[in-house]
Amino acid sequence: MSRMDLAQDDFAALTERYRRELHVHCYRMLGSFDEADDLLQETLLRAWTKRDSFYAGTNVRAWLYRIATNACLDLLRRRARRPEEPHSFADLPWLQPYPDRLLDELAPSAERPDAVVVGRETIELAFIAAIQLLPAQQRAVLVMRDVIGWSAAETAEILDTTVPAVTSALQRARTTLRERRPAPDHTARTGLSADERDLLRRYVALNENPDPAGMAELARHDIRVTMPPQPVCYDGWGALAPLQELAFGSDGLGDWRLLPTAANRLPAAACYLRARGGTVFEAFKLDVLRAEDGRIAEITTFAPELFPAFGLPAALS
C-alpha cells in the first residue's frame, strides 16, 4: 500500500466525521466528559503526528479507535483510580453526565445512514459506573466487543494482542458486570419514554412549587441520592429530610426554576436558584433521574459546569 501524504485540511476532513463517536468512546472508557474532551484532542494530536503511518486503503475508523483507545489506556494506567467495592456513584468522584443532545448528533440521517446509534444500555450512568470497576484492558475489550461491535480479531489488532487474550478478557469483564451491575435496561430506544417525560414534568413542577407530600409520592421509599464528586450518599426517603429542608424550607436557599433536559438517555432537570433577595436564577445543579415502576428510584446530582455542553444558559431572568 502507498503512504498518503495528508495535508492539514485533508486530515481534518478525514477525521471530522468520527469526532463525536470518538468522544463518546473516550467518555465510556473514562466516565468523565471533561477528560473525554482532553483525550479526544490527544487522539487527534497523536493521529496527526502519526499520519505517516496512514496508508491508502486503511480503515480510518479502526485507525482512530486504536489511537483513542491507547490514549485512554495510558491515562487509566497513570491514574490507577479503579474502586474496589463502590457502594454508589459517590465512590466515583470523576463521574460526569453526557448530554443527550450530543449523543443525538450520531443518529442516522440521509447524509449519515451508517451513523452510530447510542442506545440507553451502552451509555446510562449505571453502565458507565459499572465498567469503571474493570481493569483498563478488560474495559477496552468489553467496550469494543459488546458496545462498538468489533470482532475478536479486530479488537486484538487494535489492542495489539491476541484473539485468545481478547476472548479471556471479555469473559472476565462480563462476569464482573453480571456480579456488580444492576439489571440493565435492554430497551432499544434512545429518547425518553412518555412516562419518563411525564415524571420529569412532575418533578419540575414539584421543585418550582414545593410540595413535600407530592415529592414523597413521586419518589420510591428506597430512593438513592448522590452528588459526585461529593462523597455523600442518601439512602431512603427519610434520609432526605435535611436536603428537603435546605432546598425548600422557610429558611431554605431560595426559589427554583428548572429546565427539562436529558443525560445518558435518562430524564434530567437543570436547576436554577434565585437566592433570597436575588433577582436572577443562576445555574446551580443538574439532577439526573432514574425511574422504576413510574417513580424516582435514583437522583444523581452534578454541578452546573457542563451546562454549556447541554446547551443550557448560565442564568434565567
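Please treat every number below as a calculation from the coordinates, not as lab data. This one's a predicted model, so the numbers in the text were calculated from it and none came from an experiment. Positions of Cβ are backbone-derived with ideal geometry, glycine not excepted, and every protein chain shown enters the neighbour counts.
Summary table
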quantity	calculated
Rounded tilt (10° steps) of 163-180 against the dominant C-alpha axis of the chain	10
Residue among Pro93, Val147, Gly311 farthest towards the positive dipole end of the chain, charges placed on Cβ	Val147
Rounded tilt (10° steps) of 60-79 against the dominant C-alpha axis of the chain	60
Order of Phe89, Phe127 under a 10 Å beta carbon neighbour criterion, fewest first	Phe127, Phe89
Förster-model FRET efficiency, 22 Å R0, Leu246 and His221, C-beta, rounded to 0.05	0.60
Spin-label proximity, Leu73 to region 125-149 - amide N less than 11 Å from point 7 Å beyond Cα toward beta carbon	136-141
Highest-first arrangement of 90-100, 262-272, 230-240, where packing means the average Cβ count within 10 Å	262-272, 90-100, 230-240
Test item: Cα-centred dipole of the chain, Lys/Arg +1 and Asp/Glu -1 on Cβ, debye	640
Residue-span extension gain [Asp211 to Asp104] - 0.36 nm each, minus C-alpha spacing	35.1 nm
Simple spin-label estimate for Trp94 and Thr279 in nanometres, 7 Å along Cα-Cβ	4.4
FRET efficiency, 1/(1 + (r/R0)^6) with R0 22 Å, evaluated for Glu292 and Arg201 via beta carbons	0.75
